[in-house]
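See below for the structure under consideration.
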Amino acid sequence: GISMQSHAALELRGTDSLGNRLIYDSDLNITWYDYTKATATWDTQMGWASALSIDFDGTIYDDWRLPTALNQNGTDPCGGSNCTSSEMGHLYYTELGNPAGGPLTYKGDFQNLQAYSYWSGTELAAATSNAWVFQSNFGNQTVYYKGSNFYAIAVRPGDVSVAVAPEPVSTILFGVGGVVLGARRMVERRRG
């Protein structure tokens, strides 16, 4: 079935050299890498994201990170359901239109998003042995010990959109149309 829940702010940019999708969020000006890294500790997932190097249409993007749990205005994370200001919360609620309390029903163009917990790149300021997690199976943002094993998904700042060159056939047709239009005008001038 087709979901009418998703919003136009998510734009599928294509797939990388490994076949994983890159999805741009124009609201937050970030690009999601549609690949779910197998469960691991926070330190392992942070290392994976920072070492990620993606070849997309011949351009290498190596500025990946885990999503932030901070509110969009930079203030402390919100805990619980309906936290729409963190990057994962914004994706889950605002862009994909999923319900509070779960489950992860709408995935839009994401093929690898799982209904489980995902690490954020945000430590708990009061106890740095913990970090923020977004539970996509419940739509909940909470804190866990960094030694716990959870999934990871990567984001990068900005867009990966590549300028599309016109297709040769389109260029030829445009040129032929211009010639025909020019010839028609010359004929009309001679008649008039």
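The values are calculated or read from the model by the stated rules, or taken from the named source; none is laboratory data. Just so it is clear, the model here is predicted, and its values are computed rather than measured. Protein only, heavy atoms only, side chains kept; ligands, DNA and RNA dropped before computing areas. Shrake-Rupley method; radii C 1.70, N 1.55, O 1.52, S 1.80 Å.
Couple of notes before you dig in:
- Fully extending the segment from TYR145 to ASN82, taken as 0.36 nm per residue of separation minus the present Cα-Cα distance, adds 20.5 nm.
- Tensor-based shape of segment 1-126 (alpha-carbon gyration tensor, a/c under 1.5 rounded, otherwise prolate or oblate): oblate
- Only protein heavy atoms count here; under a 1.4 Å probe, TRP64 has an accessible surface of about 10 Å².
- Inter-centroid distance (Cα atoms) of segment 144-161 relative to segment 82-134, Å: 10 Å
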